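Report on the structure given below.
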Amino acid sequence: MKIVVCENYEEMSKAGAEIIADLLKEKPKCVLGLATGSTPVGMYRELAKKNAAGEITFKDVTSFNLDEYYPLAPTHDQSYRYFMNVNLFDHIDIDKERTHVPDGLAKDPAKMGEAYDAAIEAAGGIDLQVLGLGPNGHIAFNEPEEELYAGTHLTGLTESTIKANSRFFASIDDVPTQAVTMGIGSIMKARKIIVLASGKGKHAVVAKMLSGRITTMCSGTLLLAHADVTLIVDKEAFEG
Ligand code: GLP
């Protein structure tokens with residue numbers, strides 16, 4: 001795992017955007033795996049700036065997001081589809097028809113998950129996957145469990161995740177208790193992965209990821225088994 005330690009959040013955001021910009025220049029028709037959460041917001045802002053300046057274009061890019069609350073409509077202002085529109089897609093020249101987020105209203109989530117993974121494969125696989133880390137070390141919504149799913153699936157959310165994510169909702173009772181999420185296999189098939197982490201609150205998880213040991217109880221550590229992962233952290237996340 002390659003580690004890039006940045007001075008602060010802004011530098012981390014720029015470093016992440018730079019890696020994506022390089023890929024877009026090299027492979028304009030690439031497939032991006034995208035993440036939500038507050039961590040990548042600054043990087044998305046940087047990408048929108050580069051797009052507006054004509055440095056990069058997303059017009060031939062296909063994207064697949066990691067996860068979505070369940071059940072939640074894509075029009076809900078806390079849905080991850082809404083988040084992606086507001087924080088990135090509305091500000092870049094991407095064709096929204098080619099942006100994908102797991103369906104938070106799927107009647108048959110298992111079937112939807114299979115179709116989602118098949119669509120990723122049909123698009124040629126993910127060239128670059130962006131990840132954040134949950135406070136408990138989860139990637140996407142692969143919560144601490146003895147067994148994890150390989151493919152996109154419906155999952156329950158732990159109390160700590162519901163609590164952490166309640167800051168975006170009017171009350172904790174409004175936070176969905178389930179989500180549809182890419183599984184570990186869907187994520188590990190990406191050719192390249194960048195993981196962003198910022199702030200003291202992520203230090204324990206970053207330290208665990210750097211411990212050299214792998215556990216399904218902290219799905220971020222599974223990335224230690226991937227050949228091309230860059231962990232981009234700010235000083236606070238790195239040093240605690
Ligand atoms: C959610 C998402 C994760 C994300 C995590 C961290 O749980 N499912 O993909 O990495 O939040 O969020 P934040 O970046 O706000 O700390």
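The values are calculated or read from the model by the stated rules, or taken from the named source; none is laboratory data. No experiment lies behind these values; they were computed from the predicted model shown. Here Cβ is always computed from backbone atoms with ideal geometry, including for glycine, and neighbour counts include all displayed protein chains. Accessible surface is based on the protein model in full, side chains and every heavy atom, while ligands, DNA and RNA are left aside. Shrake-Rupley method; radii C 1.70, N 1.55, O 1.52, S 1.80 Å.
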Starting from the exponent 0.38 and prefactor 2.2 Å, build the expected Rg for segment 149-240 from its residue count and divide its actual Cα Rg by it.
1.19
From the residues Met209, Leu154, Val180, which one has its Cα farthest along the dipole of the chain in the positive direction, the dipole being from +1 and -1 charges on Cβ of Lys/Arg and Asp/Glu about the Cα centre?
Met209
PRE reach from Glu26 (point 7 Å along Cα→Cβ): which of segment 196-240 fall under 17 Å by backbone N?
227-232
Counting only residues 5 or more places away or on other chains, whose amide H sits under 5 Å from the amide H of Val130 once H atoms are built in the peptide plane?
Gly33, Leu34, Ala35, Ile194
Which loop-located GluC sites (Glu not before Pro) does segment 143-240 contain, where loop means any DSSP state but H, G, I, E or B and the Cβ has at most 14 other Cβ atoms within 10 Å?
Glu145, Glu146, Glu147
Value of [θ]222 nm, deg cm²/dmol, for the chain, DSSP H segments ≥ 4, -39500 (n - 2.57) each, nearest 500:
-9000 deg cm²/dmol
Once phi for every residue in segment 164-172 is put through the Karplus expression 6.51 cos²θ - 1.76 cosθ + 1.60 (θ = phi - 60°), the whole-Hz ³J(HN,Hα) values, with Gly and Pro written as x, are 4, 8, 5, 4, 8, 9, 4, 8, 4
Counting only DSSP loop positions in segment 50-88, the trypsin sites (Lys or Arg not before Pro) whose Cβ has at most 16 other Cβ atoms within 10 Å are Lys59
Taking Rh as the Kirkwood radius computed over alpha-carbon pairs of the chain and applying Stokes-Einstein at 10 °C with viscosity 1.306 mPa s, one gets a diffusion coefficient in µm² s⁻¹ of 89 µm²/s
On the accessible surface of the chain, probed at 1.4 Å, how many percent belong to carbon and sulfur atoms?
52 percent
Per residue accessible area of segment 19-62, 1.4 Å probe, in Å²
41 Å²
Work out, step by step, the length gained on full extension between Leu105 and His91: first 0.36 nm times the residue separation, then minus their alpha carbon distance; give nm to one decimal.
2.5 nm
So if we plug the beta-carbon distance of Leu224 and Gln78 into 1/(1 + (r/R0)^6) with R0 = 51 Å, what FRET efficiency do we get, rounded to 0.05?
0.95
For a 19 Å ceiling on Cα separation, which of these pairs sit above it: Lys96/Lys189; Lys27/Lys50; Lys29/Lys192; Lys29/Lys59?
Lys96/Lys189
Using θ = phi - 60° and Karplus 6.51 cos²θ - 1.76 cosθ + 1.60, couplings along segment 2-7 (whole Hz; Gly, Pro as x)
8, 10, 10, 9, 10, 4
